[in-house]
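To keep things clear, I will list the structure first and then write my remarks on it.
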Amino acid sequence: MSEVRTTAPAAAPERSGPGRWGPERWGPGRGRAAAVRLGRLARHEWTLAVLGSLLLAAVLTWPTLRDLAGTIPQDTGDPTLQAWQVAWGGHALLTDPAHVWHSNTFWPEPYTYAYSDTLLGYAPFGMIGHGPVAAVVRYNLLYVLVHALAFVGAYALSRQLGAGWAGAAVAGASFAYAPWKLAQAGHLHVLSIGGIALALAMLARGHGWSLRHGYRPDRARPGWAGAGWLVAAWQVSLGFGIGLPFAYVLGLLCLGAAGGYGWSWWRRARPAFPRRLLVADLAGGAFFAGVTLLMAAPYFEVVSRHPAGRRTVEQIAMFSPPLRGFLTAPPESWLWGERHTAARATLSFAGEMTLLPGMVLIGLAVAGLFVSSWRLRHRLVLAAGVLVSAALAAGTTLFGDGDPGYVTLVEHVPGWDGVRTPGRLVLWTTLLLGVLAAGALTVHEPDPEPGPPGGRWRRWGRAVLVLPMLLVLAEGVNRTPHVPAPVQPTALHGLRGPALVLPSDGIREFHVMLWSTDGFPKVVNGLASFTPAGQQQIRAASGGFPDAASVAYLREVGVRTVVLLPAYAAGTPWADAAARPVDGLGIRREAVGDGLVYHLD
């Protein structure tokens, strides 16, 4: 019989503290390991890309961060509207999510939040802070961050497609700081395009697809695909002016992918398609479609109630840029602004017709047609995409009212009649040009693998590859004015609604909307691309305020407070309203700061 040996179990190591948090776990060795991991994280490409994009955004949007509470980029028109939109989204979701579309403005009209692109996706930001000053700070921070997101999104997309870091940096810089975007500095919903590129990057990564290597099932990552659909849904929630074309692009890409897969199946190649990836696509696609339909419903309701809100072909033609607009920069461009003064003078609506993607970008993209890491068929597809997107961005300029053309989409594609300014589709032209340029730079990028002699030249080669990005960024340096944010009048502090603020006309309505973030009282005031009938009637009836007829009408419709701001009343029907008597009207008038408050009840 063989001897059986038994060994006593080793004694468990003594712990010096409760649980497993003793010093042996956090000794010098583990501390060094943690430091190494943190160092690697700090040097990781994506850490550097994100931090670099934030630094670039701070510098290239300067002086936005210098005075977050006191100034606002471009002007006090649309930016103040959008500051209110972000604030209302956060307020409504915190207090009464079921009525988010029925805002406090344009009272008593319903669905007033859908009178323009809502920026609803920024509602979480709107939950932080209170009042007009917080709304301005919030807007300015978002203005900086959307530039950073655009850079990261295009950089990630180009890297996923197979570009080197230098080409991806050019794509990111051009997508974030193209000269045409300087004309849109007052339109946060137009600048918010980073989610488009980021969603496409995530979807491509999730499906294991790149331009360099095609479809590789072993590289599929269902989690990334699901995240891509979520980001796409968030992008649509920012507004349909940019989100609707993106939704149709995703639909076309899905059809193309399904067609390619079906063709391979028919040829009995039968490429693998992981089941988990199919589930992620079905669930993610359903969620994206659901968000899109939920966002679309109130807009259809608005058009049904207010036919004047529907975009017409005549309006679209007014904003359609001529072809020379694609080579013309806005006046805010530091490099090209003054040089293109004469060219801008020939444009009927320069703010929407100066669509220069960047001279350097165009040159690099042209070079990418001939020398590139992309296959020839991919280059031709990208070039075709550039031409088609530019043709669509030209609106009615190329084909007028004929077929095929932009008007064909307006008349036959659901929702497309809401895209009033076709020139903004140049974002797709810019993104595709960036991908072409990335291919050109990737072919010359040094081999990242270490090699024998020549390391110094390799380092110099990497340094030289930074130059194209710097040239692209030079075209994005701005001269955007930063104007004082409108200060809330004392008379509007703690305003009790339903209320009417006079004078009620023009750009001042945007300011009243911003000021109404102080408690969000119901106000008749508001400004959109059309005037609701109810608002028009109240304005007309209050022209003689305060008189017996106007007071009686306002009481009848439910207005309880009227605030008159004499400083803004010159040249309006209410220029002498402050001197009109109120005796016998049964109302109470009090002077509050620089305004007059009339209590009708």
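The values are calculated or read from the model by the stated rules, or taken from the named source; none is laboratory data. All of these numbers come straight from a predicted model, not from anything done at the bench. Methodologically, a virtual Cβ is constructed for each residue, glycine included, from the backbone with ideal geometry; neighbour enumeration extends over all protein chains shown. Side chains included, ligands, DNA and RNA excluded: accessible areas come from the protein's heavy atoms. Shrake-Rupley method; radii C 1.70, N 1.55, O 1.52, S 1.80 Å.
Only residues that are polar (S, T, N, Q) and surrounded by fewer than 23 Cβ atoms within 10 Å (Cβ to Cβ) were counted in the range 218-245, giving 1. Glu411 satisfies every condition listed in (1) closer than 18 Å to Phe349 by Cα; (2) more than 23 Å from the chain's Cα centre (by Cα) except (1). Here the helices (runs of 4 or more DSSP H) wholly within the range 117-207 that include at least 3 residues being polar (S, T, N, Q) and either in contact (Cβ under 8 Å) with a residue 24 or more places away in the chain or open to solvent by less than 10 Å² (accessible area, probe 1.4 Å) (or both) are 131-161. Quick check: is even one residue across the range 579-586 farther than 15 Å from Ala491 by Cα, out of contact with any Leu (no Cβ under 9 Å at 6 or more places or on another chain) and touching a residue at least 40 places away in the same chain (Cβ under 8 Å)? Taking every residue of the range 579-586 in turn, none turns out to be farther than 15 Å from Ala491 by Cα, out of contact with any Leu (no Cβ under 9 Å at 6 or more places or on another chain) and touching a residue at least 40 places away in the same chain (Cβ under 8 Å). Of all the criteria given as (1) closer than 29 Å to Ser158 by Cβ; (2) open to solvent by 30 Å² or more (accessible area, probe 1.4 Å); (3) over 24 Å from the mean Cα position of the chain (by Cα), the one not satisfied by Arg339 is (1).
Within the range 282-321, the residues that satisfy the criterion of being crowded, with 16+ Cβ neighbours inside 10 Å and more than 24 Å from the chain's Cα centre (by Cα) are His306, Val313, Ala317. Residues that are at pLDDT below 90 and open to solvent by 40 Å² or more (accessible area, probe 1.4 Å) within the range 260-277 comprise Tyr261, Trp263, Trp265, Trp266, Arg267, Arg268, Ala269, Arg270, Ala272, Phe273, Pro274, Arg275, listed in sequence order.
For first residues located in the range 283-295 and touching a residue at least 60 places away in the same chain (Cβ under 8 Å), partners that are aliphatic (A, V, I, L, M) and open to solvent by 20 Å² or more (accessible area, probe 1.4 Å) and lie 6+ apart or on another chain with Cβ distances below 9 Å form the pairs Met295/Leu120. Of a type in the set (Gly, Ala, Ser) and under 16 Å from the mean Cα position of the chain (by Cα): is that true of Ala163 in this structure? No. Just one of the numbered conditions (1) open to solvent by less than 70 Å² (accessible area, probe 1.4 Å); (2) under 20 Å from Phe319 (Cβ atoms); (3) modelled with pLDDT of 90 or more; (4) among the aliphatic types (A, V, I, L, M) is not true of Leu382: (2).
Applying the selection to the range 84-102, what residues are part of a helix (DSSP H, G or I) and touching a Ser or Thr at 6+ places or on another chain (Cβ under 8 Å)? If you could, list the steps in order and put the result at the bottom.
At the first step, the residues of the range 84-102 found to be part of a helix (DSSP H, G or I) are 84-95, 97-99.
If the condition is that a residue be part of a helix (DSSP H, G or I) and touching a Ser or Thr at 6+ places or on another chain (Cβ under 8 Å), then Trp84, Gln85, Ala87, Trp88, Gly89, His91, Ala92 are the ones that fit.
Which residues, taken from the range 208-217, are small (Gly, Ala, Ser) and either touching a strand residue (DSSP E or B) at 6+ places or on another chain (Cβ under 7 Å) or open to solvent by 10 Å² or more (accessible area, probe 1.4 Å) (or both)? Show your work before the answer.
Going residue by residue through the range 208-217, those that are small (Gly, Ala, Ser) are 208, 210, 214.
Correct list: Gly208, Gly214.
When Phe510, Phe520 are checked against the criterion of being on the phi > 0 side of the Ramachandran plot, at pLDDT 95 or above and either more than 35 Å from the chain's Cα centre (by Cα) or not polar (S, T, N, Q) (or both), a single residue qualifies: Phe520. Among the residues of the range 65-76, is any open to solvent by less than 10 Å² (accessible area, probe 1.4 Å) and farther than 20 Å from His187 by Cβ? No: zero hits.
Do you know which of the residues in the range 560-576 that are under 21 Å from Gly506 (Cα atoms) and touching a Pro at 6+ places or on another chain (Cβ under 7 Å) is modelled with the highest pLDDT?
Going residue by residue through the range 560-576, those that are under 21 Å from Gly506 (Cα atoms) are 561-576.
Among the residues that remain, those that are also touching a Pro at 6+ places or on another chain (Cβ under 7 Å) are: 565, 568-569, 572, 574.
Values: Leu565: 96, Tyr568: 92, Ala569: 92, Thr572: 92, Trp574: 93.
For the range 560-576, the residue satisfying everything is Leu565.
Looking at Ala540, Ala591, Ala552, Ala575, which one is assigned to a loop (DSSP other than H, G, I, E, B), without any contact (Cβ under 8 Å) to a residue 60 or more places away in the chain, surrounded by fewer than 22 Cβ atoms within 10 Å (Cβ to Cβ) and more than 31 Å from the chain's Cα centre (by Cα)? Lay out the reasoning, then the answer.
Working: Ala540 fails: assigned to a loop (DSSP other than H, G, I, E, B); Ala591 fails: assigned to a loop (DSSP other than H, G, I, E, B); Ala552 fails: assigned to a loop (DSSP other than H, G, I, E, B).
When all the criteria are applied, what remains is Ala575.
Yes or no, residue by residue, for (1) under 30 Å from Met295 (Cα atoms); (2) in contact with a Phe, Trp or Tyr (Cβ under 6 Å, 6 or more places away or on another chain); (3) modelled with pLDDT of 95 or more:
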position: Ala33; (1), (2), (3): no, no, no
position: His44; (1), (2), (3): no, no, no
position: Ala49; (1), (2), (3): no, yes, no
position: Thr76; (1), (2), (3): yes, no, no
position: Gly90; (1), (2), (3): yes, no, yes
position: His102; (1), (2), (3): yes, no, yes
